[in-house]
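Input: a single structure, listed below in structure tokens.
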Ligand code: GLA
């Protein structure tokens with residue numbers, strides 16, 4: 001990869017550590033087109049990588065410790081690569097130590113410099129991007145190949161063990177195996193995937209709501225537990241195996257009933273959305289996005305009033321030429337827009353600071 005971010009990471013590494021790095025790795029963030037809060041229910045998802053991401057300049061050194069600098073925050077860390085310990089406070093350090101711990105003590109001591117252009121808390125998965133970029137640096141440093149799916153699993157385990165978020169695997173898979181200009185249809189049950197090309201006459205944009213996610217981890221984990229409780233009440237291992245008829249037949253309590261309705265409907269929407277992309281049916285795709293947003297707002301209750309207002313405003317601008325919905329875990333963050341290039345330009349001029357083009 002040779003772009004300005006790699007050159008910048010190299011340069012910052014030289015300034016900081018006073019020597020040249022051995023390499024620079026990179027991983028993108030992701031935007032999810034549809035399939036929200038279904039990855040941990042064994043569902044189908046349709047994310048795509050964004051241009052922004054995380055670069056890690058790295059070198060192996062003779063010191064005993066691994067030294068890390070987060071250049072964008074002016075913060076540092078140092079730990080024993082033979083047994084990376086959980087830091088006392090959750091921060092970017094949790095991810096660095098957590099992903100290093102996945103190598104089971106087999107990493108050499110390294111110097112690492114991290115820099116990126118993904119806004120944190122904007123719902124574009126800066127933590128998956130960080131973990132995958134670090135994982136790629138470790139793969140290059142050790143020379144032991146690790147496939148994209150294993151890398152994604154290690155990054156997911158990092159979130160579980162070191163960040164306390166019981167996340168699914170969508171973000172890590174999108175960062176590890178997504179292709180620019182393509183949505184990745186991922187089956188979270190067996191991790192099979194295929195790349196679905198976005199039609200040339202469609203535009204994909206991300207619009208930042210400006211609301212940074214707060215308190216999301218507790219709410220996220222609670223949603224996951226409610227989905228698991230719904231599946232247990234239905235006598236199945238995951239909501240992937242439930243149908244709307246099952247939900248009607250079984251009188252689930254609230255909020256489990258609404259959570260389950262969202263999941264079952266959302267998994268069906270991913271299939272329909274994939275067909276709409278393949279048929280180039282922008283209007284149908286837009287309708288599916290609107291339904292998905294309403295379901296996240298009303299059934300899954302993970303939206304935010306500011307995000308709802310932004311989605312409504314964007315939907316008015318878009319009309320029948322596509323659609324918009326919240327993307328990511330929710331409680332703030334970003335809105336994804338899929339529309340025609342003309343409408344996209346209008347949105348970009350209206351939201352010049354807050355919008356970025358994905359395709
Ligand atoms: C976060 C998690 C993902 C996924 C989404 C919601 O991004 O990391 O695993 O559950 O929320 O779809």
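The values are calculated or read from the model by the stated rules, or taken from the named source; none is laboratory data. Not measured: the values here are computed from a predicted model. Glycine also receives a Cβ, built like all others from the backbone with ideal geometry; neighbour counts cover every protein chain displayed.
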Query raised in the report: Taking only pairs six or more apart or across chains, which ones have beta-carbon atoms under 6 Å, a first residue in region 122-140 that is in the same structural domain as residue 110 (by TED's automatic domain parsing), and a second residue that is more than 11 Å from the ligand (Cβ to nearest atom) and modelled with pLDDT under 95?
Result: 124/118; 126/118; 126/120; 129/118
Report task. Search region 172-184 for residues being in a helix (DSSP H, G or I) and away from the ligand (no atom under 12 Å from the Cβ), and hand back the single one that is surrounded by the most Cβ atoms within 10 Å (Cβ to Cβ). Result -> 176
Report task. Take region 149-171 and flag every residue that is away from the ligand (no atom under 12 Å from the Cβ) and part of a loop (DSSP other than H, G, I, E, B). Result -> 164
Query raised in the report: All but one of (1) more than 16 Å from the ligand (Cβ to nearest atom); (2) surrounded by fewer than 24 Cβ atoms within 10 Å (Cβ to Cβ) hold for residue 120; which doesn't?
Result: (1)
Requested in this report: Sort out for me the strands (runs of 3 or more DSSP E) sitting completely within region 315-358 that have 3 or more residues that are assigned by TED's automatic domain parsing to the domain that holds residue 296 and within 16 Å of the ligand (Cβ to nearest atom).
Outcome: 322-327, 334-339
Report summary line: Being in contact with a strand residue (DSSP E or B) (Cβ under 8 Å, 6 or more places away or on another chain), within 27 Å of residue 76 (Cα to Cα) and assigned by TED's automatic domain parsing to the domain that holds residue 127 narrows 14, 30 down to just 30
Report summary line: Checked 51, 64, 57, 70 against criteria (away from the ligand (no atom under 16 Å from the Cβ) and surrounded by 21 or more Cβ atoms within 10 Å (Cβ to Cβ)); the one match is 57
Requested in this report: Find the residue count for region 223-265, including only residues that are under 12 Å from residue 40 (Cβ atoms) and in a helix (DSSP H, G or I).
Outcome: 11
Requested in this report: Can you confirm whether region 18-28 contains a residue that is within 15 Å of the ligand (Cβ to nearest atom), touching a helix residue (DSSP H, G or I) at 6+ places or on another chain (Cβ under 7 Å) and modelled with pLDDT of 95 or more?
Outcome: yes
Query raised in the report: Quick one: is residue 282 touching a residue at least 12 places away in the same chain (Cβ under 8 Å), within 16 Å of the ligand (Cβ to nearest atom), assigned by TED's automatic domain parsing to the domain that holds residue 207 and closer than 21 Å to residue 198 by Cβ?
Result: no
Report task. Identify the single condition in (1) surrounded by fewer than 17 Cβ atoms within 10 Å (Cβ to Cβ); (2) within 20 Å of the chain's Cα centre (by Cα) that residue 143 does not satisfy, given that it satisfies every other one. Result -> (2)
Query raised in the report: What pairs come up if the first residue lies in region 26-38 and is free of Cβ contacts under 8 Å to residues at least 60 places away in the same chain, the second is within 11 Å of the ligand (Cβ to nearest atom), and their beta carbons are under 9 Å apart, counting only those six or more places apart or on different chains?
Result: none
Query raised in the report: From the residues in region 185-216 that are touching a helix residue (DSSP H, G or I) at 6+ places or on another chain (Cβ under 6 Å) and assigned to a strand (DSSP E or B), which one is nearest to the ligand (Cβ to nearest atom)?
Result: 186
